[in-house]
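Some notes on the structure that comes next.
The values are calculated or read from the model by the stated rules, or taken from the named source; none is laboratory data. This structure is a prediction, so every number in the text was calculated from the model and none was measured. Here the Cβ positions follow ideal geometry from the backbone for every residue, glycine too, while neighbour counts run over all protein chains shown.
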């Protein structure tokens, strides 16, 4: 970042499978964020928007920036930043580097309405589609291979992954913005889930939903400061990397963000991790420096990452139980962190949280954005 930035407001829709247009969802998230900031659209110098290809959104619109201008009734710089599942975090990273006093950041996608085969084909292109997809190595299978490697190298078990899913479903049951709000999922339900790709069953995989999220950032001080923002990329296919269980994009983005913030992983009080699959959350514990390599399993076994643990992770329910609408996910994580730092999360509130971190992945580790926030 070139200068200090602050979060003035956040907003998001409930993540669901409701058949709403992207414009309707974007309008709700934008309005909520502006109201939260006590600002108007005329106060914004620019907008950064992230959304997926229109084949997924199924609205036949390939020029989304002026469409958004029509929605907010303002002619202004609007930049679209597509980075698939990592779009929200990447959009914030981009917005922080613009030379405007106030910037509105938005993520929106309508993916749950698309047929499963279309979602599979189009979103898999975020991970790799030249060598692997035609052979059946779609996202669940690709990440299952990563899980197999971690199990072989470090003694991680599927029971460890079940505990991650159970934790996130419990947290999601406390989140009014999540589709699992008020719905209890037992550990036995998780263990009996239908097999998807060994060792994954249904509960190792995130839920496809629709939604939007937004944030207002500013050069003017507020109660939440952006302390660090790192962005990194890696080779697109996991088989191209030296170690499938070590995601360099997370390591590099996290290292950069912590350096900017001037703090250590041990200083973080609450974390939102990109748990598109249960193994991704566990590996992120290690790659972000919260534990040594191979010891991610100990963090879930000891309850360190539970809501009442030393380092609560995915208090929102994560992608697993809050849902994963692709581009808005990273901003939904930021929404949760800001709400936690402000003490507005009710039954899932972390006590005395000062530092929060949002970790957003695009593809199977191909892109990663890590953003760190501080309560002032």
- [ ] Look through 161, 202 and report the one residue that is within 20 Å of residue 360 (Cα to Cα), under 23 Å from the mean Cα position of the chain (by Cα) and at pLDDT 95 or above.
- [x] 161
TODO: Go through the stretch 223-261 and count every residue that is assigned to a helix (DSSP H, G or I), surrounded by fewer than 21 Cβ atoms within 10 Å (Cβ to Cβ) and out of contact with any strand residue (DSSP E or B) (no Cβ under 9 Å at 6 or more places or on another chain).
DONE: 2
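Yes or no, residue by residue, for (1) assigned to a strand (DSSP E or B); (2) buried (at least 24 other Cβ atoms within 10 Å of the Cβ); (3) within 10 Å of the chain's Cα centre (by Cα):
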position: 332; (1), (2), (3): no, yes, yes
position: 347; (1), (2), (3): no, no, no
position: 350; (1), (2), (3): no, no, no
position: 353; (1), (2), (3): no, no, no
position: 365; (1), (2), (3): no, yes, no
TODO: Residues being in a loop (DSSP other than H, G, I, E, B) and modelled with pLDDT under 95: count how many of those fall in the stretch 43-59.
DONE: 5
Open item on the list: Looking at the stretch 214-221, can you tell me whether even one residue there is in contact with a strand residue (DSSP E or B) (Cβ under 6 Å, 6 or more places away or on another chain), surrounded by fewer than 17 Cβ atoms within 10 Å (Cβ to Cβ) and not in a strand (DSSP E or B)?
Closed with: yes
TODO: Look at residue 34 and say whether it is closer than 30 Å to residue 181 by Cβ, modelled with pLDDT under 95 and in contact with a helix residue (DSSP H, G or I) (Cβ under 8 Å, 6 or more places away or on another chain).
DONE: no
Open item on the list: Need the failing condition index for residue 196 against (1) in contact with a helix residue (DSSP H, G or I) (Cβ under 6 Å, 6 or more places away or on another chain); (2) under 18 Å from residue 323 (Cβ atoms); (3) surrounded by fewer than 20 Cβ atoms within 10 Å (Cβ to Cβ); (4) at pLDDT 95 or above, just the number.
Closed with: (4)
